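Student: Here it is: the structure, laid out below.
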Amino acid sequence: MQLIRSARDMQAWSLAARRAGLRIGLVPTMGYLHEGHLSLVQQVRARADRCVLSIFVNPIQFLPGEDLAKYPRDLPRDERLCEGAGVDVVFHPEANALYPPDFSTTVEETALSVGLCGASRPGHFRGVTTIVAKLFNCVLPDVAVFGQKDAQQASVIRRMARDLDFPVEIIVAPIVREADGLAMSSRNRFLTGSLRQDALCLRRALDEVERAYAAGVRGADALQEAMEAVIRRVPSAAIDYIAIVDEHTLAPVAVVSGPVLVALAVKVGATRLIDNTVLGS
Ligand code: AMP
């Protein structure tokens, strides 16, 4: 396994691999890897000859006051996990090199990015689409794999790739959970003491909406209220949003008639967690 630190070296490696007829797969991450990330590596290995995993805590997708400085980082541990999972290249660029002081070009998706996390984190998805476009240009992948955990992000990136004609196949892989149902996330390490147990309220709210839907409830308000009631029982939890939206357009629905994404963001203590499920597919 190789560690590559510069965009230029990454492009040189990828161009050589492409000239050799190899298919390249990319897993973009912010590091502090867990089983969820490694499941994306397995998806790439099933679809490509070489797997590049990028580790980059992208400053421009964090808003002022968010957890950029304290985002967990552990490169040696990540490298060990990558080696064990069969990653060929860890691409770990320097923030200053990717974003020189006079950096002045961004990529913005303007429809799917607006609601849900985009509403509470304005500018976040511009940071995401900009870094993913840059990673596509550095790694030149044939296929890139993203997690359903960040369902809106996956939709935004799929739209960006289509709109800007990136010749990259976008795959979305299922959410990987802890044994008790908590969606794996690098931020789970902030859930100390009783907060770890409290964080299960997201999964319980999704269980509740799945139960209500199975029992025939179709009104979005009623489904949303059932979820809110679950979260409200946990004093350390504060709802950022609960949304029931069309799976493709991400527009809110009043009545569930086709596949919908049920997504929620909840602050548990100081840690903002997201989770989701799809109903009616
Ligand atoms: P992150 O490092 O949090 O930016 O995540 C990098 C990629 O891993 C994104 O495509 C995420 O959607 C995906 N991912 C994160 N957590 C999970 C999970 N629990 N299951 C599946 N994919 C995940």
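The values are calculated or read from the model by the stated rules, or taken from the named source; none is laboratory data. Values in this document were obtained by computation on a predicted structure and should not be read as measured data. Every residue, glycine among them, receives a Cβ derived from its backbone with ideal geometry; neighbour counts consider all protein chains shown. Please note that ligands, DNA and RNA were not included when accessible areas were found on the heavy atoms of the full protein model with its side chains. Shrake-Rupley method; radii C 1.70, N 1.55, O 1.52, S 1.80 Å.
Student: Kindly evaluate Ser113 against the criterion of being in contact (Cβ under 8 Å) with a residue 60 or more places away in the chain and hydroxyl-bearing (Ser, Thr, Tyr).
Tutor: So Ser113 does not fit the description; no.
Student: For the stretch 245-259, which residues satisfy the criterion of being part of a strand (DSSP E or B) and open to solvent by 10 Å² or more (accessible area, probe 1.4 Å)?
Tutor: Residues satisfying the conditions are Asp246, Pro252, Val255.
Student: When you go through (1) in contact with a helix residue (DSSP H, G or I) (Cβ under 8 Å, 6 or more places away or on another chain); (2) on the phi < 0 side of the Ramachandran plot; (3) modelled with pLDDT of 95 or more one by one for Ala95, which number turns out not to apply?
Tutor: (3)
Student: Filter the stretch 260-281 down to the residues that are at pLDDT 95 or above and exposed (fewer than 13 other Cβ atoms within 10 Å of the Cβ) and list them by number.
Tutor: Result: Ala270, single match.
Student: Name every residue in the stretch 10-32 that is away from the ligand (no atom under 16 Å from the Cβ), touching a residue at least 24 places away in the same chain (Cβ under 8 Å) and of a type outside the set (A, V, I, L, M, F, W, C), in order of residue number.
Tutor: Those that are away from the ligand (no atom under 16 Å from the Cβ), touching a residue at least 24 places away in the same chain (Cβ under 8 Å) and of a type outside the set (A, V, I, L, M, F, W, C): Gln11, Ser14, Arg18, Arg23.
Student: Within the stretch 27-47, is there a residue that is surrounded by fewer than 20 Cβ atoms within 10 Å (Cβ to Cβ), at pLDDT 95 or above, of a type in the set (S, T, N, Q) and not in a helix (DSSP H, G or I)?
Tutor: no
Student: Counting just the residues of the stretch 50-67 that are away from the ligand (no atom under 13 Å from the Cβ) and part of a loop (DSSP other than H, G, I, E, B), which one comes out most open to solvent (accessible area, probe 1.4 Å)?
Tutor: If we take residues in the stretch 50-67 being away from the ligand (no atom under 13 Å from the Cβ) and part of a loop (DSSP other than H, G, I, E, B), then Pro64 is most open to solvent (accessible area, probe 1.4 Å).
Student: What pairs can you find where one residue is in the stretch 61-90 and under 12 Å from Gly31 (Cβ atoms), the other is of a type in the set (S, T, N, Q) and surrounded by 14 or more Cβ atoms within 10 Å (Cβ to Cβ), and their Cβ atoms are less than 8 Å apart, with a gap of 6+ or different chains?
Tutor: As it stands, the answer is Tyr71/Ser186; Pro72/Ser186; Val90/Ser54, since those pairs meet every condition given.
Student: Restricting attention to the stretch 222-234, which residues are touching a residue at least 24 places away in the same chain (Cβ under 8 Å) and either under 13 Å from Val253 (Cβ atoms) or loosely packed, with under 14 Cβ neighbours inside 10 Å (or both)?
Tutor: Leu223, Arg233
Student: Do you know which residues across the stretch 33-49 are under 13 Å from Ala144 (Cβ atoms) and either among the charged types (D, E, K, R) or away from the ligand (no atom under 11 Å from the Cβ) (or both)?
Tutor: Within the stretch 33-49, Val44, Arg47, Ala48 qualify.
Student: Scan the stretch 107-136 for residues that are assigned to a helix (DSSP H, G or I) and hydrophobic (A, V, I, L, M, F, W, C) and report the count.
Tutor: 9
Student: Can you tell me which residue is farthest from Ala46 (Cα to Cα) among those in the stretch 117-146 that are open to solvent by 20 Å² or more (accessible area, probe 1.4 Å) and within 15 Å of the ligand (Cβ to nearest atom)?
Tutor: So the residue we want is Arg121.
Student: Just a yes or no: is a residue in the stretch 53-65 in the same structural domain as Leu98 (by TED's automatic domain parsing), over 18 Å from Ile131 (Cα atoms) and touching a helix residue (DSSP H, G or I) at 6+ places or on another chain (Cβ under 7 Å)?
Tutor: Within the stretch 53-65, none of the residues are in the same structural domain as Leu98 (by TED's automatic domain parsing), over 18 Å from Ile131 (Cα atoms) and touching a helix residue (DSSP H, G or I) at 6+ places or on another chain (Cβ under 7 Å).
Student: Still on this structure, I have one more. Working only within the stretch 72-94, note down all residues that are over 15 Å from Gln2 (Cβ atoms) and either open to solvent by less than 20 Å² (accessible area, probe 1.4 Å) or of a type in the set (Gly, Ala, Ser) (or both).
Tutor: Correct list: Pro72, Gly84.
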